[in-house]
Amino acid sequence: MSARNSRNVAPMRLRTGARWHFSALVATAFLFAAVVIAVWSKRYSTADAEVASIVVLPFVDMSADKTGQPLCDGITLELADWLAQIPMLRVVAPTSAFAYRGPDQDVRSIGKTLDTNHVLQGSMRRSGEHLRIAVQLIDARDGYQLWSAEYDEPLRDAVAMEDAISRAVANTLQIPLTAETDRLFAARHIADPAAYRLFLTAQYDEQLRTPEANTRAIDLYRQVLKADGNFAPAYVGLSYALLNQQGFDHRFISPVETEVERLVAEAMRLDPQSSDAYTARAALRLDQYRTDEARDDLRYAVSVNPNDSRAFAEMGSLMLRNGEPRDASWNLSRAIALDPLDFRLQTQRCTALQDMAQFVDAAAACQRARELDAHDAGVANALASLAESRGKIDEALQWNSDASRILPSDFALYRTRARWYLALGLSNRARETIEAGRVASNDGESADAALVGVVFMEDGREGLRAHLAATKLDESTRVDGLLAAARARLLLGDGVAVEKLLARAAAAPGSTDVADTPWAARLGESSLLDLAAAELDAGKSTAARQRLKSLLDMLDRMMDAGVERHATYGLRAKTHALLGEADAAMRDLTRASELGWRAVWQARHEPYFASLRPRADFQALMDKVSLSNDRLLESIH
C-alpha cells in the first residue's frame, strides 16, 4: 500500500515526458477515468452506508519490556495489506492510520476524520517466542463493538493469525471472499517463521521514512530473501527501499536499477497479479524516464487493487511531471481518499491545482498539508510556488525563506529565490541570495551557474565574458553548469558554442534535465528553445523551426491538459516570437502578464523577444507590468 513509501513527494527532479498522439491520449485518458470513476462510485462512495471501509490502527505493545513495537507495527501494516486484498472493502492507508497511536482512541472521531465506518483495534503481548493478540472490530459510526477475539499462539504462527483475523473481519462485515482473494491471501504466506519476523521489522523500518531506518530495512529484506526466496512481498519491499535510498541520497538510479529490475521481475514471477509489484515497477520506470510503461503498469495496478493508494499517488506524480495537472489532481484525490493524512499527497495536489490556476483550491490543499506537517520544507516550497504563480512574489519570498530555514543546504531554494529577485530587477538581492546559498550548500559550481543572469543584468556582455573566464563553466562536467554556460553563450551571441555545450550536457549524468520536459516547461525553461535560438543565429532555420514546432506541440498539449501558468505562457510566447508569429506571441505574453508574469527586464534584453520590441503593444505591455512591479517592490524593500 502506498502509505509506507517516501517516494510520493512533490517532484524535485525533471522527468522526460512521453510522446503521445494527442487524440489517442485524450481518448485513453477519458476511458480510463470513466472506468475508474465507475468503480469508485460503485465501491467506495461513503455516502452509501452499506459500503464497508476500515482503518487498522497501530496495535498497542503490551509486552513487559516494551520492546515489541517494531513487531507490533509490522503486524499492523501486514493486516492492512491483507485486508486491502478484499474486494468491496476500502482500506485506509497506514500513513493516516498511524497518526492514531496508543490506547483510548475515540473511534467515532477517527472514523469521521478518515471517512471510514469501521476501526480495527488491537494489542500484542510478546513473551519469548509466544504472542498474545487481542483484537476488536468497531463500528466507527456509533462505537459499537461488532467482533472481538484473542489469539494465543507461538510467534511462528503470526501469518496464520493475520489470515484468521482478515477472514473474521470479512465475515463480520458480510463480505464474501472470492477464489481470487484466497489466492492473494496465500501469496502472503511464508514458509520460514524467522524470516517473516525479519520481514515485519523491515516493514516497520521502511514506514519510518528516514534514511537510517530505510538502510536497516534494506538489510532486513535481504536477510528475508536469503532465508526464503519465494516470498514475493519481500522482493517488492526491497525494490522500494532501494529506490527510496537513492532519493534520500540524491543519487541517480543507475547504481540500483539492474537489481530493482531483477527483484520486480521475480516478484511478478511469484505473484503475476500483484498490484504492489506493478506499482514498484512503475516507480522504477519513472526513475528511468520510461513514462509510457510506468503509466501502463499503474493502470493495471489500480484495476486489480483499487486500495493501492501508492499506485494512485505514483500516477498523480507521473501526470504532474508530464504536464497533465487535471488528471494528476484526479489521481491524487483518489490517493488522498485512501490516505487523507499524508501531507505529501496534499502538497502534490496543491501543485497540480496551482498549475491549473485553481488558486483557491490550491491554497486549501497547501494549507491542509501545512496543518499536517508545518515543519516540512516541501510544504513551504509549495506555498512559495503557489504565491509566485499568482504574481505575489513578496509572499513567495517569505515562504521561500521558511523553506530555506528548514532545509538550509538545498541550493535549489536559493536559486529559485534569486530568479524571483531578477524578475523584479533586484540583481543585488539575487546576488546576495546566491552567495548565501553557496556557503550554506557548499556548492560553488551551482552558485556560479546561477550568477549568469545576475552578471548579465549588472554588467552586460563584457561582465558575462569575464564571469565565464573566471568560473570556467564552459569546462563543467555537470548538467547545470553546462546549461548555464550555454545560456551565457546565447546571450553573447555565440550560437556555435551553445550547440556544443548543449550536446555535452545531453551526454552528462542527469542528462534528462536537458530534454524538453513538461516539468521544466511549467517553470518557463527549455534548452530546446535555446538550441533553436542558437540555430537561428547560425542560419540553420529549418532545424530551428522543427525544434520550435516540437516545443510548441508539447506546450499546446500541456495547456489542453489543464496547464495555466504564467511561466508556460511566457515560454510559448518566446517560441512563437522565434517562429516569427508575433501576434500569437503577444497573445501569450498578455495572458502571462494577467497570470502574474513579471520578467520585464529579461523580455527587453534577452534575444527571444527581439522581433517584438518595435511593436507599440509590446512596449505598452512592458510599461504596464513595470508599474505593477514598482508597486510590488514597495512591499519588498
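The values are calculated or read from the model by the stated rules, or taken from the named source; none is laboratory data. These numbers come from a predicted model, not from an experiment. Here the Cβ positions follow ideal geometry from the backbone for every residue, glycine too, while neighbour counts run over all protein chains shown.
Just to be sure I understand, how many residues within region 228-286 are more than 23 Å from R321 (Cα to Cα), assigned to a helix (DSSP H, G or I) and in contact with a Leu (Cβ under 7 Å, 6 or more places away or on another chain)?
Counting residues in region 228-286 that are more than 23 Å from R321 (Cα to Cα), assigned to a helix (DSSP H, G or I) and in contact with a Leu (Cβ under 7 Å, 6 or more places away or on another chain) gives 7.
On the basis of being under 25 Å from N305 (Cβ atoms) and assigned by TED's automatic domain parsing to the domain that holds T201, does R269 make the cut?
yes
Working only within region 515-548, note down all residues that are in a helix (DSSP H, G or I) and among the small types (G, A, S).
Of everything in region 515-548, those that are in a helix (DSSP H, G or I) and among the small types (G, A, S) turn out to be A520, A521, S527, A532, A533, A534, S541, A543, A544.
Results for (1) surrounded by fewer than 21 Cβ atoms within 10 Å (Cβ to Cβ); (2) under 20 Å from R269 (Cα atoms); (3) touching a strand residue (DSSP E or B) at 6+ places or on another chain (Cβ under 7 Å); (4) outside the structural domain of R310 (by TED's automatic domain parsing), shown as yes or no for each residue.
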site: R183; (1), (2), (3), (4): yes, yes, no, yes
site: L198; (1), (2), (3), (4): no, no, no, no
site: R209; (1), (2), (3), (4): yes, no, no, no
site: N214; (1), (2), (3), (4): no, no, no, no
site: L225; (1), (2), (3), (4): yes, yes, no, no
site: D228; (1), (2), (3), (4): yes, yes, no, no
site: P233; (1), (2), (3), (4): no, yes, no, no
site: V236; (1), (2), (3), (4): no, yes, no, no
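Within region 146-167, is there a residue that is polar (S, T, N, Q), surrounded by 14 or more Cβ atoms within 10 Å (Cβ to Cβ) and closer than 30 Å to R251 by Cα?
Among the residues of region 146-167, not one is polar (S, T, N, Q), surrounded by 14 or more Cβ atoms within 10 Å (Cβ to Cβ) and closer than 30 Å to R251 by Cα, which makes the answer no.
Table: residues versus (1) assigned by TED's automatic domain parsing to the domain that holds R321; (2) at pLDDT below 95; (3) over 32 Å from the mean Cα position of the chain (by Cα); (4) part of a loop (DSSP other than H, G, I, E, B).
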| position | (1), (2), (3), (4) |
| --- | --- |
| M558 | no, no, no, no |
| E564 | no, no, no, yes |
| R572 | no, no, no, no |
| R591 | no, no, no, no |
| W597 | no, no, no, yes |
| R604 | no, no, yes, no |
| L612 | no, no, yes, yes |
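Please count how many residues of region 393-434 are out of contact with any Leu (no Cβ under 8 Å at 6 or more places or on another chain) and outside any helix (DSSP H, G or I).
4
Filter region 99-126 down to the residues that are surrounded by fewer than 19 Cβ atoms within 10 Å (Cβ to Cβ) and either among the charged types (D, E, K, R) or in contact with a helix residue (DSSP H, G or I) (Cβ under 7 Å, 6 or more places away or on another chain) (or both) and list them by number.
Answer for region 99-126, where residues must be surrounded by fewer than 19 Cβ atoms within 10 Å (Cβ to Cβ) and either among the charged types (D, E, K, R) or in contact with a helix residue (DSSP H, G or I) (Cβ under 7 Å, 6 or more places away or on another chain) (or both): R101, D104, D106, R108, K112, D115, R125.
Of the conditions (1) among the β-branched types (V, I, T); (2) over 28 Å from M554 (Cα atoms); (3) under 13 Å from the mean Cα position of the chain (by Cα), V304 satisfies every one except a single condition; which number is it?
(3)
Checking the structure you have, find out if any residue of region 246-265 is surrounded by 22 or more Cβ atoms within 10 Å (Cβ to Cβ), among the small types (G, A, S) and modelled with pLDDT of 95 or more. Talk me through it step by step, then tell me what you get.
Step one: of region 246-265, the residues surrounded by 22 or more Cβ atoms within 10 Å (Cβ to Cβ) are 260, 263-264.
Then keep just the ones that are among the small types (G, A, S); that gives none.
Looking for residues that are surrounded by 22 or more Cβ atoms within 10 Å (Cβ to Cβ), among the small types (G, A, S) and modelled with pLDDT of 95 or more, one finds none in region 246-265, hence no.
Check region 354-363 and report whether any residue there is closer than 27 Å to E445 by Cβ, outside the structural domain of T279 (by TED's automatic domain parsing) and either surrounded by fewer than 21 Cβ atoms within 10 Å (Cβ to Cβ) or touching a residue at least 12 places away in the same chain (Cβ under 8 Å) (or both).
Within region 354-363, the subset closer than 27 Å to E445 by Cβ is none.
No, region 354-363 has no match at all.
Of the numbered conditions (1) buried (at least 19 other Cβ atoms within 10 Å of the Cβ); (2) of a type in the set (D, E, K, R); (3) under 26 Å from A497 (Cβ atoms), D588 satisfies every one except a single condition; which is it?
(3)
So D292 passes all but one of these: (1) part of a helix (DSSP H, G or I); (2) within 27 Å of L83 (Cβ to Cβ); (3) in contact with a Phe, Trp or Tyr (Cβ under 9 Å, 6 or more places away or on another chain). Which condition number does it fail?
Failed condition: (2).
Mind checking which pairs have a first residue in region 474-494 that is farther than 12 Å from V452 by Cβ and a second that is charged (D, E, K, R) and modelled with pLDDT of 95 or more, Cβ under 6 Å, 6 or more apart or different chains?
Pairs found: none.
Can you pull out every residue in region 277-327 that is of a type in the set (A, V, I, L, M, F, W, C) and under 20 Å from E266 (Cα atoms)? Break it down into steps so the answer makes sense when it comes.
Taking region 277-327 and keeping what is of a type in the set (A, V, I, L, M, F, W, C), we get 277, 280, 282-284, 286, 294, 298, 301-302, 304, 311-313, 315, 318-320.
Those that are of a type in the set (A, V, I, L, M, F, W, C) and under 20 Å from E266 (Cα atoms): A277, A280, A282, A283, L284, L286, A294, L298, A301, V304, A311.
To keep it simple, each residue is scored yes or no on (1) surrounded by 17 or more Cβ atoms within 10 Å (Cβ to Cβ); (2) among the basic types (K, R).
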{"site": "E525", "(1), (2)": "yes, no"}
{"site": "L529", "(1), (2)": "yes, no"}
{"site": "L536", "(1), (2)": "yes, no"}
{"site": "G539", "(1), (2)": "no, no"}
{"site": "A544", "(1), (2)": "yes, no"}
{"site": "R547", "(1), (2)": "yes, yes"}
{"site": "S550", "(1), (2)": "no, no"}
{"site": "L555", "(1), (2)": "yes, no"}
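Which residues, counting only those in region 255-272, are without any contact (Cβ under 8 Å) to a residue 40 or more places away in the chain and not acidic (D, E)?
Passing the criteria: P255, V256, T258, V260, R262, L263, V264, A265, A267, M268, R269, P272.
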